[in-house]
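The values are calculated or read from the model by the stated rules, or taken from the named source; none is laboratory data. These numbers come from a predicted model, not from an experiment. Note: ideal-geometry Cβ built from the backbone for every residue, glycine included; neighbour counts use all protein chains shown.
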Amino acid sequence: MRIIRVLANASIIMKNSEMGTVSKEDGSFSLNLPEQLKSIVVSAKGFETQELTIGAKSIFDIMMIKSNKQKPQTQISGIVLDKGNRESLIGVNIVVKGTVLGTVTDLDGTFVLSVQAAPPILLAVSSIGYNSQEIEINDTNVMDLRNHFRGSH
């Protein structure tokens, strides 16, 4: 028995180009390829990305292979304290450098951050009245990161 599943919303892009389309609900798509272009890249969530060379045929089937790969996940949690009086700091910004992914410390100065990337990850830590810091994370599960912030005054 062979099970065939139609993939809606699969991405079909011309190789070495940003031009492309998305498959319809029935899995079909239409794409006008320039004469010299003979390759497309097909990707869909949960499936391996495929590169296909297109011949003279204008209608063809694409078989997608389920992906076993899971995106790496790094869990980071901890507390931010004032270096002088050791009190927890509220509202400290913690951002993965080079992205918009981040969080803010809560009323206890604690934070939790999940990042879909493998280490090393560089965190930018900042708050008004304190010197900004960068912290490199080298493990996939950091449970008790303690950061002591020094005032900038």
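Computed values, structure above
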| item | result |
| --- | --- |
| Inter-residue pairs, beta-carbon under 8 Å, first over 13 Å from N147 (Cα atoms) and in region 108-133, second among the charged types (D, E, K, R) and in a strand (DSSP E or B), 6+ apart | P120/E136; I121/E136; L122/E134; L122/E136 |
| Residue list for region 127-137, restricted to those being surrounded by fewer than 15 Cβ atoms within 10 Å (Cβ to Cβ) and touching a strand residue (DSSP E or B) at 6+ places or on another chain (Cβ under 8 Å) | G129, N131, S132, E134, E136 |
| Those residues of region 109-140 which are under 14 Å from the mean Cα position of the chain (by Cα), among the polar types (S, T, N, Q) and in a loop (DSSP other than H, G, I, E, B), in sequence order | Q116 |
| Region 87-101: number of residues that are modelled with pLDDT under 90 and within 14 Å of Q133 (Cα to Cα) | 0 |
